[in-house]
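See structure below.
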Amino acid sequence: MQLKLIKLNSLENETSETIVKFCVDTLNNLNISLHKLIAYSADNTNTNFGGRDRHGTNNVYFKLQSILSKDIEGIGCPAHILHNTASTSADVLSVDVESIVLKIYKYFSIFTVRNERLKSFCEEADVHYANLQSHSRTRWLSLLPAIERILQLWEPLKNFFLEETRPPKAIVDFFKNPLSQIYFLFLHCQTFLFEKQIKRIEKSDITIIEVKKIINDLEQTLSERAEANFLGIKTKIEYNKIKDDAQLFVSIKLFDEEVDNYYKTAREYLQQWSNPLIKFEVFSWMDLTSSLQWQEVEKTITYLKEKGIDITDSCFEEILYFKNFIDKQKFDEDWN
């Protein structure tokens, strides 16, 4: 197997017709048979796949299959799925963390005087000053360091805006909210989980089998966190400080409901958008993390035969020899 970038162009538009023509023309010009095209992988946009359920005919995936007169695999970007899962679930929280991050960064980004004043508040609070981080709404990985920096400068920032002349009302209201830090800490904990999995998926030497297992692991983790009502250690410490405050009863109840909704939304979104990857579970035995069973291999053979790939019955003996070899290797490692 070889991985190569064969052509890169800036197209005049991003319609499905333009993209399909570019792909087909490129393969033809390089004398690569269209018959060898077995899959199309791209971002999960309507133009590429026709939406979550892949309906409609005005998308690249459908048109490629029509030109080829055969089914090909359609693989949406899994990192994009995880990014959107994190973003969609965060939207159920009443505190818009992304918006606050951007507003705070914008307030200081080009104003040296404001940064110097913030430094003085940091000195008073005995907090090390560091520049605030920005965030791109199309890149969830940029949110974690931005949240971390605000949490590091929490007290100086809070004091700064509460004493500032004509500050943005949204930021002042945010810092006056006794649960604002708890929301930030909770989302920081969840964002760290998503960032970890996105980075695993973005490795250059990963397979679709490993990607599916990463998504399965994330689904399981989210389910277990929901069952345990997991907030994160730092979040729980701050939460416990106010949980018995009668004046905050309504706000605390709302936060609890939003945490439940967060996990529910994340699991549902992840399951719905990763459905097209379920078919690839027939290859899951190939990572050899569990004992090799013929029944699992047989499912793979059935899948490949449906794709027109013929496999002879001698495969059974080959798998048997391979299993014995793998078992012996594992035994020798354990013995040593």
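Structure data summary
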item	result
Whether region 71-210 is rounded, prolate or oblate, judged on the alpha carbon gyration tensor where a/c under 1.5 counts as rounded	prolate
Gyration tensor (alpha-carbon) shape descriptor, region 138-259, a/c threshold 1.5	oblate
Rounded to 10°, Cα long-axis angle of helix 112-124 versus longest principal axis of the chain	70
Charge dipole (debye, nearest 20) of region 23-85; +1 at Cβ of Lys and Arg, -1 at Cβ of Asp and Glu	80
Packing-based ranking, highest mean first, of 113-126, 93-106 given that Cβ atoms within 10 Å are counted	93-106, 113-126
Ranked by how many other beta carbons lie within 10 Å on average, peptides 183-193, 56-66, 313-323 from highest	183-193, 56-66, 313-323
Semi-axes of the equivalent ellipsoid for the chain, Cα gyration tensor, largest first, Å	47, 27, 19
Region 14-83, accessible surface, carbon-and-sulfur percent (1.4 angstrom probe)	53
Overall form of region 8-152 per C-alpha gyration tensor (a/c, 1.5; a/b vs b/c)	prolate
Relative contact order (%) - region 9-128, alpha-carbon pairs under 8 angstrom, separation at least six	19
Per principal axis, descending, Cα span of region 197-250 in whole Å	53, 19, 16
1.4 Å probe accessible area per residue over the chain, in Å²	60
Extension gain, residue 278 back to residue 24 (0.36 nm per residue minus Cα-Cα distance, nm)	88.7 nm
Percent carbon-and-sulfur accessible area, region 94-228, ignoring ligands, DNA and RNA, probe 1.4 Å	47
FRET efficiency, residue 31 to residue 264 (Cβ-Cβ, R0 56 Å, nearest 0.05)	0.65
Choice from 47, 85, 26 with maximal GNM fluctuation in the chain (Cα, 10 Å cutoff)	26
Theoretical FRET efficiency, 1/(1+(r/R0)^6), r = Cβ-Cβ of residue 253 and residue 148, R0 30 Å, to 0.05	0.60
Net length gained if the chain between residue 229 and residue 202 were fully extended (0.36 nm per residue, minus Cα distance)	6.8 nm
Cα-based reach from residue 119 at 20 Å (exclusive), listing lysines while leaving out same-chain residues under 8 positions away	103, 106, 158
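The values are calculated or read from the model by the stated rules, or taken from the named source; none is laboratory data. In this text, all values refer to a predicted model and were calculated from it rather than measured experimentally. All Cβ positions, glycine included, derive from the backbone under ideal geometry; neighbour counts span all protein chains shown. For accessibility, only protein heavy atoms count, side chains too; no ligands or nucleic acids. Shrake-Rupley method; radii C 1.70, N 1.55, O 1.52, S 1.80 Å.
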